[in-house]
Structures are given as C-alpha cells and as structure tokens.
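All of the numbers you see were taken from the coordinates with simple rules; none came from a lab. Source: prediction; values computed, not measured. Backbone-built Cβ (ideal geometry, glycine too); neighbour counts: all protein chains shown.
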2 protein chains.
Amino acid sequence: MKNSLGAKTIVSTTPVWVVGTYDQEGKPNVMTAAWGGVCCSQPPCIYVSLRKATCTYGNIVERKAFTVSIPSETYAKEADYFGITSGKTVDKFSVTGLTPVKSDLVDAPYVKEFPVVIECKVIKTVEIGLHTEFIGEIMDVKADSLVLNKKNLLDIEKAKPIIWNPSEMTYNKVGKPIGQAFSIGKEISKQAHPKKLG
Amino acid sequence: MKNSLGAKTIVSTTPVWVVGTYDQEGKPNVMTAAWGGVCCSQPPCIYVSLRKATCTYGNIVERKAFTVSIPSETYAKEADYFGITSGKTVDKFSVTGLTPVKSDLVDAPYVKEFPVVIECKVIKTVEIGLHTEFIGEIMDVKADSLVLNKKNLLDIEKAKPIIWNPSEMTYNKVGKPIGQAFSIGKEISKQAHPKKLG
C-alpha cells in the first residue's frame, strides 16, 4: 500500500544546468534550471523548461539558441545564486566573477569555469503551462581536459556534476557507480532463457 | 580551452525511470527510459522520450497514459533488464517476479516493489526525431512509508534511486547532500548587495 504525496513534481533527481543566453543588446546571462534533460538521440537534443517571466525565456525566443554549462560541486553556491536572482536586476557574471565565453557554434555564451558545456540551437518550442519547453539540437559538447578519462570520454568522477532532489530541495553529489548499463541485466536474461542466451 | 566531444547526448546524469503501460489486450509491460524529466510545474508534468520501435510507444499512443516507477539501488539489475529486453518477446514482470499493480487514477500499471511511482495522463505528444516525447500530467505521486521522512516527504537517502551516466554508461548512486537549494547562493547575494539584502 503506497501513500499519496499528491500531484507534485516529486521525482527522484533532476540535473542542475546553467543555461547561458544573450539578450537583445548582447549582454550574457545565466540561469539555473532543474527542468531539463535529454529528449532525443537523433538528432541529439536536450530541452530546458522555463517560465515566461525569466530573462532567459525572452533571450531564447529572440536568439533561438542556448548553452548548458554544467557546474562542478565547487560551484554549487554560484549555481544556486544563478537560480535565485534575475538578470533583470543584476549582472550575474560580474557578481560571481565567472567568465562568459561566446560559443563558436551557437548564438549564446557559456561559463568558462564550468567543466562541461553543451551548445544548442532551438528546433522546437512547446507550450505546456507555466513552463515552456525549448528543445535544442546539440551542436557540440565541450569539456575541460581535466575531466576526461584516457578514452577521451567525460569522467563523471572528475567532472563532479551536482544533482537536485526536488523533494527535500537539496543539491546532492553523484555517488559511486553500481553497475554497467546494458550489461548487469543480462544475468536475469540468462536465468530466464538459458538456451537462448547461454 | 575546451575539447570537443562531438554532437552527442553526453550530459551530466539522467534519471533511471521504469515506464509502465498496458497493451491492447491489457497485458502490463515495463521499459526503462533514461530520456525523461520534469517539464512543467503547473500543471505538474513529466515526459519520457521513446523510440517508435518499442512496445511502450504503441501502448502509450493507444492508452494515453503511463506510470513511472522509480527503482531503488536493490533493483538496478531488474531496471537494466527492463531496458535491454522487449515486451514483444518476453513478459518482463513474469521473468523478474515483480508485481504489476493497476493504477486507480490512470490506465497503466506500476511496479509494486519499487518505492516511488508517478501516475500520468498524456496531454501532449511531440515528434522530435528518432524519439517521440510523451508529456504526461502527474495525477499523483505515491511512495512506500519506508521511504518517507518525518514530514511525510520523500527521503532520497531512503528511496535510494539510481541515476545514469550516459558518458561511461554506468548506473550510479545518488551521493550526499552538499547544500540547500534557494539558500546557499544567498551568501553571494549578501556579498554583492550588502545593503539590499543584509
């Protein structure tokens, strides 16, 4: 018997993504979004869902582009600050001392000090309710050398991204790996279908 | 100077969500999706993005409903199995011994043994490319008593959800909290605007 918690956005975890955009005058802005994720493999796409009241909403409508900069644990305070203040009243880059870098590929800036960035062109806009979903095709993912492993893949234990827990409203670390995907489930397949897979 | 990793879905982390649906004959099915997240606060909505080739795609088109059951670490193998096999060839509930429960609120089953479930009615379908995004309005979130804290909120350290790391293709634990959201960034605000906020 399960307990009802109500019709709320209580999910396991969400990412902590810092969305970078330019306004009409070319001023860089960033805001933190927890409503984001991957929504297609081909073309590779991510989305961010934003309220119309945010600067970032207007900037994306105007420029049709955004970046996502992924903060490491070290920058949890800055990520939180980017979420609780508005670009309408403060220059968030100037206050935090972080550096906007113009993307070569899309009309948006990213945060130099964050180890991983995703550069996107908007291909679809979906009106849902309080939030509008911007679907962006990934033009490139870029990462600092320090967070890559020997195979030149992103090493999550080096990048140290943070996740958000919407129930208790905490930022959390990413924990240890517990198994390889597309692999640990084969044990069940073998037990169930020994002839077929064994 | 950042290194290009290419136009790939290399993001920080994604959820590991088990999507429950009924087929035309009422047979329950589950599949694991990593392309999912929250996309609106009001109405509260989540999405899952699925390939047309999956049973779950057809089931959602037919029934306009799905659930998301969130596996705890204990069920990582089952979650992986649900992702690497197709409901077209096996009865995934029967093979794993897990129990489908019919939702009272939506036309879809959830996994009894998983501690948290989200029940959704589809309100929008977005064609993107290889994946189709199903946006579901959350009708309720339900959780076992064992994973709630004293305030009756979902306690993530008890629920022990897993996350997916698309770069190294591992399932990972959720790590320790490192700060309270909408709070730790205020320190920066106070330094930047001592009179306004101090």
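Couple of notes before you dig in:
- Length-normalised contact order for region A:72-125 - Cα pairs under 8 Å, 6+ apart - percent: 24 percent
- Where N is the number of residues in chain A, Cα Rg divided by 2.2 N^0.38 Å: 1.15
- Nearest-0.05 FRET efficiency for A:Leu146 and A:Leu105, computed from C-beta distance (R0 30 Å): 0.85
- Mean residue ellipticity at 222 nm, helices only, chain B: -4500 deg cm²/dmol; runs of at least 4 DSSP H residues each add -39,500 (n - 2.57), and the sum is divided by the number of residues.
- Region B:87-100 - phi-based ³J(HN,Hα) in whole Hz, Karplus 6.51/-1.76/1.60, Gly and Pro as x: x, 6, 10, 9, 8, 5, 5, 4, 5, 8, x, 7, 10, x
- Gyration tensor (alpha-carbon) shape descriptor, region B:22-138, a/c threshold 1.5: rounded
- Spatial separation of Cα centroids for region B:98-152 and region A:8-76, in angstrom: 25 Å
- When chain A is treated as a Gaussian network with alpha carbon springs shorter than 10 Å, the biggest mean-square fluctuation among A:Pro28, A:Pro43, A:Pro109 belongs to A:Pro43.
- Distances in nm from B:Met169 to the matching label points in the other copies, shortest first (labels 7 Å along Cα to Cβ): 4.0
- Projected-area mean, region B:88-198, by convex hull of Cα positions, square nanometres: 12.7 nm²
- Nearest-first distances (nm) between copies at B:Lys190, label 7 Å from Cα via Cβ: 5.6
- Full extension of the chain segment joining B:Glu62 with B:Thr125 gains 21.4 nm, where the gain is 0.36 nm per residue of separation less the Cα-Cα distance.
- Mean sequence separation of contacting Cα pairs (under 8 Å, at least six apart), scaled by the length of chain A, corresponds to a relative contact order of 23 percent.
- Gyration tensor over the Cα atoms of region B:119-167: the corresponding equivalent ellipsoid has semi-axes (square roots of 5 times the eigenvalues, largest first) of 29, 18, 6 Å.
- Here the label points at A:Ser4 and B:Asn3, each 7 Å from Cα along the C-beta direction, are separated by 5.2 nm in the simple model.
- Position A:Lys27, label points 7 Å along Cα→Cβ, spacing to each other copy in nm (shortest first, one decimal): 6.0
- 17 Å tail of the calculated P(r), region B:1-71, as % of Cα pairs: 52 percent
- The share of alpha-carbon pairs in the protein assembly as shown lying farther apart than 33 Å comes to 28%.
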